[in-house]
Structures are given as C-alpha cells and as structure tokens.
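Please treat every number below as a calculation from the coordinates, not as lab data. Not measured: the values here are computed from a predicted model.
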C-alpha cells in the first residue's frame with residue numbers, strides 16, 4: 001500500500017470515529033499539478049488527545065494542536081482544526097483555539113494554493129476558490145497579505161520558495177505587501193531563514209525566484225548580503241560573495257568556526273585562481289565550495305592526479321638521506337606542485353632525482 005492510500009485509510013478511521021478529516025495543503029496542491037510528493041499533512045476535528053486514543057502518536061507541537069501519527073510504519077503530521085490567537089513575535093501565535101469547522105483552519109493558513117483539501121475518497125475540496133489561482137499560476141495570500149505577513153514573517157520567504165519550486169508569479173497585492181513589510185524578516189530565526197534560502201536555491205525556477213528577491217531588495221534586510229548578477233546561487237554563494245566583497249561574514253549568519261575556515265580557504269583560492277595545484281593546496285571542501293560558486297563541474301577536482309601528499313609516489317622516509325628533516329614537508333609540496341603542473345611524472349625514481357635537485361638549490 002502506497003503512502004497516499006495509507007493516509008486515506010487514516011482519514012477513513014477518523015471519519016468512522018465521527019471526526020471530519022482531510023489531507024491538507026501542499027500535497028493536494030502538488031497532486032493537482034501532477035507533482036509527486038510524500039509530504040502529506042492531515043487535519044481533522046479531533047483534538048490531539050482524541051487522536052491519541054485512536055492511533056499511536058508522538059508528541060510534536062501539542063501547544064499548537066499537532067501530533068505525529070505512527071501508522072503502518074509511516075509517520076503523518078496531524079493538526080486539529082484551529083484558529084490562532086494573537087501573534088506577538090511575527091512568527092508564532094500566543095495560543096490556539098480548536099474548532100470543529102475546517103474553514104476556520106483554512107483561513108489562518110498562508111497562501112490560497114495551500115488551502116486545498118482531499119477527503120478519504122480523493123475528492124478535492126476548494127473552499128477558498130484556490131483553483132483559480134492555481135490555474136493562473138498565482139501565489140496569493142489567504143485574506144489580507146499584510147495581516148498574514150505580520151502574523152508570520154517567514155511567509156515572505158516561503159513565497160519565494162514556492163516561486164522557485166513552481167515558477168508561479170506573485171499576486172500584485174502580495175507583491176506590494178512583501179515590498180512594504182520585508183523588515184519583518186528581522187524577527188525570523190536564522191535557522192528558518194537558512195532552510196528557506198536552501199529551498200529557494202534548489203527549485204527548478206530558482207533564477208526567477210532570486211531575481212524577484214533582489215528586485216524587491218529583500219537582501220537589504222540581511223547584513224552584508226550583496227546583489228548577485230547571476231541568480232543561480234546557493235546560501236553558500238551568499239556567504240562567499242560576502243567574504244569576497246566585504247572581507248567578512250556577519251555574525252548574524254551564525255557560521256561555525258570550521259565552516260568559516262573552509263570559506264576563508266575557498267575565497268583565497270578564488271583570488272589566486274583555479275589551477276590544479278591551487279585546488280590541491282586548498283583541499284577538498286574549499287575546492288568544492290569554490291567550484292560550485294563558479295558553477296564549474298566537480299570533476300576538475302576529482303580528476304586531479306594527486307589529491308594529497310599521500311598520493312605522491314614518494315614519502316618522507318624516501319627523503320631521509322636527501323633532505324633535512326625540517327625541509328621534507330616543503331620538498332614534498334614542491335614535488336606535488338611539479339606533478340600537478342605536469343612538469344614531472346608521479347614516479348618514485350623521477351621524484352627522488354627532482355628532490356636531489358631541489359635540495360641543492362634550496
């Protein structure tokens with residue numbers, strides 16, 4: 001039994017227990033667009049406690065009416081019909097109130113194209129006339145866009161994620177509201193921002209999404225985020241560009257010390273230029289960062305004749321009677337450069353002879 005049929009079976013069980021129940025949101029939208037997805041969310045009039053009496057559940061956001069249903073080896077997120085209380089932080093409601101009417105639940109959601117319902121018989125229910133927006137390829141908020149973005153500012157970035165995935169256009173009122181309310185994004189956690197940036201970067205229509213992102217000057221909300229001329233970018237590209245243009249990455253991005261070291265090496269590599277030896281010297285991860293930034297295929301690094309000093313057909317022990325201990329590392333690096341510049345073959349005898357010449361001149 002496939003994932004969808006298992007979800008429909010859950011709906012039937014909830015119906016048999018006198019609860020209204022539906023698949024809601026993105027899965028139904030993708031189903032109508034003939035896009036394959038296993039991201040199925042369930043909603044019903046059953047409270048978390050009532051759901052837990054019927055199914056094995058895992059607590060997950062019970063404060064907001066959400067539990068995970070563990071059924072036949074699959075996990076489904078279930079949220080009770082609700083309407084939200086006041087939002088105090090442009091991200092989360094201070095509380096929720098359960099409802100027996102699914103329309104209350106739909107009206108609190110983000111975009112019309114995410115408001116479709118599917119019942120246990122695969123019937124599609126469209127209370128908010130979302131099919132019109134889906135057919136016209138429009139991303140439009142449910143109700144007043146400014147109200148929706150003030151409730152949850154992450155919805156601003158989510159609109160670009162949907163553009164990247166679907167290639168849709170923004171409704172004019174939604175467009176203007178994003179333009180006027182982008183500063184609200186300052187209240188969103190960096191973890192959530194990074195997740196949405198990653199989604200934008202991976203969509204089939206990412207060029208369109210990033211172009212609009214910069215057109216609306218969303219980048220001005222974030223420290224040191226400069227405009228790109230090429231919109232085929234990732235979150236890492238944003239960081240690299242910040243280092244290249246500004247010489248630093250803002251603490252806002254919460255980059256680990258290890259990743260910052262990699263990024264520094266990557267930027268140094270970009271400044272020196274892409275050659276076999278420079279890739280070798282930078283190492284695997286910084287080289288991959290740089291090649292991705294330049295949109296160059298990974299095989300440039302993968303096909304290096306040697307990727308580390310261990311790949312040389314000579315080692316420190318071979319140099320005991322040729323080079324002093326303190327100079328052996330320098331000599332090995334010189335030999336690696338000669339091999340990568342194709343000035344000598346990676347042959348033990350030839351490398352020994354070259355090491356003798358180097359030691360004479362060093």
Note to self: If you build the convex hull over the alpha carbons only and average its shadow over all orientations, what do you get for the chain? Give it in nm² to one decimal.
What the structure shows: 23.7 nm²
Next item on the list: Work out Dmax and Rg for the range 310-362 from the C-alpha atoms and quote the Rg first, both in angstrom.
Entry: 9.8, 26
Margin query: What's the whole-number percent of alpha carbon pairs in the range 18-75 lying beyond 16 angstrom?
Written below: 48 percent
Margin query: What number results when the radius of gyration of the range 87-206, computed over Cα atoms, is divided by 2.2 N^0.38 Å?
Written below: 1.09
Check: Which angle between 0 and 90 degrees, to the nearest 10, do you get for helix 154-166 versus the longest principal axis of the chain when only C-alpha atoms count?
Finding: 80 degrees
Next item on the list: Send over the Kirkwood Rh of the range 1-135, from the inverse of the averaged 1/r over different Cα pairs, rounded to one decimal Å.
Entry: 15.1 Å
Item checked: Convex hull (Cα only) mean projected area of the range 196-316, reported in nm² to one decimal -> 8.7 nm²
Check: Plugging the Kirkwood radius over Cα pairs into Stokes-Einstein for the range 185-239, at a temperature of 37 °C and a viscosity of 0.692 mPa s, what D comes out in µm²/s?
Finding: 287 µm²/s
Note to self: Taking just the alpha carbons, could you work out the radius of gyration and Dmax for the range 137-221, both in angstroms?
What the structure shows: 11.5, 30
